[in-house]
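Note sheet for the following structure.
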Amino acid sequence: MRPFWRSFWASTLAMVIMGVVSAIILVIIVFSMIGEETFDYKEKTVLTMKLNAVSELSNSEFNLGMGNPSVDHTVGIKEIKQTLAYAKTDDKIEGILLDMSSLSAGMASVEEIRNALIDFKKSGKYLIAYAENYTHKSYYIGTAADEIYVFPEGMVDFRGLGAELMFFKGMIDKLGVDVQVIRGSNNKFKSAVEPFMLDSMSVANREQTMTYINAMWNQMLTGISETRGISIAQLNTIADSVYVRNAETAVQYKLVDATKYEDEIFTILCEKSGVKSIDDLNMMDFTKYAFHTVKKLEKKVKDSDKNVAVIYAVGGIESGKGNRTTIGSETIAKAIRDARTDDNIKAIVLRVNSPGGSALASDVIWREMMLAKEVKPVVVSMGDLAASGGYYIACGADRIFAQPNTITGSIGVFGVIPNFGPMLKEKMGITTSIVETNEHSVSLSVLNGLSEEERLIVQQGVDDIYLDFTTKVANGRGKTQAEIDSIGQGRVWAGKDALEIGLVDELGGIDDAVNYAAELAKIKESDVVLKTYPEYKTPFFVEMLLNDEMMNKPEDKSLVEMEMTRLMQTMETVTRMRGMQVRLPYEIVIE
């Protein structure tokens, strides 16, 4: 009887599983059909564009055809630009209300979006910016608008850019921790380790920081001057003297057009749309419009027609598999390999937005880039960051594009080995004993310090990686190793300065990189069809739970919440570091 019951229960379980899977597939199909049938919008629709957390990659696939935008309302830069280009020619779209009350994005992302908004205005449709308060970044995007308004009790932060770094040397000394820092012998600009060595910025670090924040500030001033009609000299005077201290002075110095309450903004929209009351306004959330627009555009494209690959390398670089916010060497290497071996793909664009990370993982990706370059054009588009390991994986491309305010370079190597032995002994009375088969079996222990010989061994390893790094950059850029070393040594550069010293070839966004790659592959611009790599899929069950969880939560996260989340992610990344690092010196946040 046992075989019978074993077979019976196995068959029953299989039927239950098949039933559940079939039900899920049916639900997906039904929701997809509902989403497609019910999405519609009226004539003279105004899009409300609220830029909160801007990412390279959209989470729109979370919905799996359910007809609603992603639960966390993140729309990728590509989707934002696609949607703005579509809205520009959509007769039903009257204009855009740009809500700049909160923004979390890097400066190169801001540049791409701002340029896309300026292009949208060429249609003759209106673009209005409004915020309770403007940071430097949100104001810079806002200056793309025809009209800029601010809340009467709000303000525009316009004091110029500055850098504030935290140093831990004093705390470490008090705790009794011996942080053993090894960086490239001449990597004086590789300042990631300075907080553990010094109690203030080194001369080299101060020099590099001043150089790149000046470049970013000048880029912002140039854009603001062009759209607001205020000279760069006057803008600097306003910032130096802190003339703008509230909403009224922002109007006085022409940074904004007027102070308005939110209801007054809607009155302006009514006037522009020719309706009598707010109730008659046809408003639509930009995220919802973007989701359906991109979905509609993608349906028109056959997979066999896709001829240019865009590979997104976003986040810190680590060994193994990655996700939307982490570059896994295994995942990205496979994406490059798949694009290389796909006969339909004629050119590859690597979109890099990374502060770097593992030297080993970076080298794995670099190798795949070189193999791909042998058979088809390979072009790099740099986003907010393409520094250290992010530059490592980019350096061999046929051509490199960056925005003027992209953070790049940081060609250098470091390693940090903490020694907790003194602290444990002095503070807690804990001591250790060592047994080893060979002289240096426990040489990298965090409980005992390095001997002088061991330190020299590690130093040699770091210097070897740096030599290899600079040699690969030199080969990729057509320069000597000595020339790369002179502009390397861990130094960070803004895109504009990187162009002048030869680390990048052209200033421009991802569209420029795609067009150039297509040109190399002899594809007409009008015939370019993109295929995105890698594909990140999240299980349907997880996304359903996320939707249920988010339904009862506030729609928008505050800037503080977003920044705290970002910092927590950074701290988590640091704790996962293994081996020698080719990583940006510090977290760069422009407000």
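What do you reckon, is D263 among the charged types (D, E, K, R), open to solvent by 70 Å² or more (accessible area, probe 1.4 Å) and modelled with pLDDT of 90 or more? Break it down into steps so the answer makes sense when it comes.
Details: among the charged types (D, E, K, R): yes; open to solvent by 70 Å² or more (accessible area, probe 1.4 Å): yes; modelled with pLDDT of 90 or more: yes.
Against the criterion (among the charged types (D, E, K, R), open to solvent by 70 Å² or more (accessible area, probe 1.4 Å) and modelled with pLDDT of 90 or more), D263 qualifies.
Does the range 396-413 include one or more residues that are touching a Leu at 6+ places or on another chain (Cβ under 9 Å), within 30 Å of L175 (Cα to Cα) and surrounded by 15 or more Cβ atoms within 10 Å (Cβ to Cβ)?
Pass one, the range 396-413, residues touching a Leu at 6+ places or on another chain (Cβ under 9 Å): 397-404, 406-411.
Okay, now just the ones that are also within 30 Å of L175 (Cα to Cα), so none.
No, the range 396-413 contains no residue that is touching a Leu at 6+ places or on another chain (Cβ under 9 Å), within 30 Å of L175 (Cα to Cα) and surrounded by 15 or more Cβ atoms within 10 Å (Cβ to Cβ).
Across the range 360-396, what is the number of residues that are closer than 29 Å to M210 by Cα and either of a type in the set (A, V, I, L, M) or in contact with a Cys (Cβ under 9 Å, 6 or more places away or on another chain) (or both)? Walk me through it before giving the result.
From the range 360-396, those closer than 29 Å to M210 by Cα are 362, 380-396; that's our starting set.
Checking which are either of a type in the set (A, V, I, L, M) or in contact with a Cys (Cβ under 9 Å, 6 or more places away or on another chain) (or both) leaves us with 380, 382, 385-387, 393-394.
Here the count works out to 7.
Residue under question is V504, and the condition is that it be among the hydrophobic types (A, V, I, L, M, F, W, C), under 17 Å from A386 (Cα atoms) and buried (at least 17 other Cβ atoms within 10 Å of the Cβ); does it hold? Talk me through it step by step, then tell me what you get.
Details: among the hydrophobic types (A, V, I, L, M, F, W, C): yes; under 17 Å from A386 (Cα atoms): yes; buried (at least 17 other Cβ atoms within 10 Å of the Cβ): yes.
In short, yes.
Among the listed residues A386, A372, identify the single one that is open to solvent by less than 10 Å² (accessible area, probe 1.4 Å), part of a helix (DSSP H, G or I) and either touching a residue at least 12 places away in the same chain (Cβ under 8 Å) or touching a helix residue (DSSP H, G or I) at 6+ places or on another chain (Cβ under 7 Å) (or both).
Numbers: A386 fails: part of a helix (DSSP H, G or I).
When all the criteria are applied, what remains is A372.
In the range 212-238, what residues are open to solvent by 50 Å² or more (accessible area, probe 1.4 Å) and closer than 11 Å to Y140 by Cα?
Matches in the range 212-238: T222, T227.
Kindly establish whether L450 is touching a residue at least 12 places away in the same chain (Cβ under 8 Å), hydrophobic (A, V, I, L, M, F, W, C) and either on the phi > 0 side of the Ramachandran plot or open to solvent by 50 Å² or more (accessible area, probe 1.4 Å) (or both). Please lay out each step first, then the result.
On the way: touching a residue at least 12 places away in the same chain (Cβ under 8 Å): yes; hydrophobic (A, V, I, L, M, F, W, C): yes; either on the phi > 0 side of the Ramachandran plot or open to solvent by 50 Å² or more (accessible area, probe 1.4 Å) (or both): no.
Answer is no for this residue.
Looking at V435, V416, which is the one that is open to solvent by 30 Å² or more (accessible area, probe 1.4 Å) and either touching a residue at least 40 places away in the same chain (Cβ under 8 Å) or under 22 Å from R183 (Cα atoms) (or both)? Steps first, please.
On the way: V435 fails: either touching a residue at least 40 places away in the same chain (Cβ under 8 Å) or under 22 Å from R183 (Cα atoms) (or both).
Going through V435, V416 in turn, just one is open to solvent by 30 Å² or more (accessible area, probe 1.4 Å) and either touching a residue at least 40 places away in the same chain (Cβ under 8 Å) or under 22 Å from R183 (Cα atoms) (or both): V416.
Which residues, counting only those in the range 307-323, are surrounded by fewer than 18 Cβ atoms within 10 Å (Cβ to Cβ) and either on the phi < 0 side of the Ramachandran plot or among the hydrophobic types (A, V, I, L, M, F, W, C) (or both)? Working first, answer last.
First, the residues of the range 307-323 that are surrounded by fewer than 18 Cβ atoms within 10 Å (Cβ to Cβ): 319-321, 323.
Correct list: S319, K321, N323.
Just one of (1) more than 22 Å from the chain's Cα centre (by Cα); (2) under 19 Å from F469 (Cα atoms); (3) touching a residue at least 40 places away in the same chain (Cβ under 8 Å); (4) surrounded by fewer than 24 Cβ atoms within 10 Å (Cβ to Cβ) trips up E426, so point out which.
Failing condition for E426: (2).
Can A290 be described as buried (at least 19 other Cβ atoms within 10 Å of the Cβ), of a type in the set (G, A, S) and either at pLDDT below 90 or over 25 Å from Y516 (Cβ atoms) (or both)? Break it down stepwise before answering.
On the way: buried (at least 19 other Cβ atoms within 10 Å of the Cβ): yes; of a type in the set (G, A, S): yes; either at pLDDT below 90 or over 25 Å from Y516 (Cβ atoms) (or both): yes.
Spelling it out, A290 is indeed buried (at least 19 other Cβ atoms within 10 Å of the Cβ), of a type in the set (G, A, S) and either at pLDDT below 90 or over 25 Å from Y516 (Cβ atoms) (or both).
Out of everything in the range 352-369 that is of a type in the set (A, V, I, L, M) and buried (at least 21 other Cβ atoms within 10 Å of the Cβ), what residue ends up being nearest to N475 (Cα to Cα)?
Filtering the range 352-369 down to residues of a type in the set (A, V, I, L, M) leaves 352, 359-361, 364-365, 369.
Now drop any that are not buried (at least 21 other Cβ atoms within 10 Å of the Cβ), which leaves 352, 359, 361, 365, 369.
Numbers: V352: 20, A359: 18, A361: 20, I365: 16, M369: 13 Å.
Ranking the qualifying residues of the range 352-369, first place goes to M369.
Please specify each residue of the range 40-60 satisfying the condition of being among the polar types (S, T, N, Q) and either part of a loop (DSSP other than H, G, I, E, B) or over 13 Å from I113 (Cβ atoms) (or both). Give the steps one after another, and end with the answer.
To start, the set of residues in the range 40-60 that are among the polar types (S, T, N, Q) comprises 45, 48, 52, 55, 58-60.
Scanning the range 40-60 gives T45, T48, N52, S58, N59, S60.
Please enumerate the residues belonging to the range 239-260 that are open to solvent by 40 Å² or more (accessible area, probe 1.4 Å), part of a helix (DSSP H, G or I) and farther than 20 Å from G162 by Cα. Give the derivation first.
Within the range 239-260, the first condition is being open to solvent by 40 Å² or more (accessible area, probe 1.4 Å), and the residues that meet it are 240-243, 245-246, 248, 251-254, 257, 260.
Now restrict to residues that are part of a helix (DSSP H, G or I): 240, 248, 251-252.
Across the range 239-260, the qualifying residues are E248, V251, Q252.
Grab the helices (runs of 4 or more DSSP H) fully contained in the range 447-556, keeping just those with 3 or more residues being modelled with pLDDT under 95, hydrophobic (A, V, I, L, M, F, W, C) and in contact with a Lys or Arg (Cβ under 9 Å, 6 or more places away or on another chain).
Values: elements: 452-477, 481-487, 495-501, 510-520, 540-551.
Counting at least 3 such residues, we get no helices (runs of 4 or more DSSP H) at all.
The values are calculated or read from the model by the stated rules, or taken from the named source; none is laboratory data. As the structure is a computational prediction, the values presented were derived from the model and not from experiment. All Cβ positions, glycine included, derive from the backbone under ideal geometry; neighbour counts span all protein chains shown. Accessible surface is based on the protein model in full, side chains and every heavy atom, while ligands, DNA and RNA are left aside. Shrake-Rupley method; radii C 1.70, N 1.55, O 1.52, S 1.80 Å.
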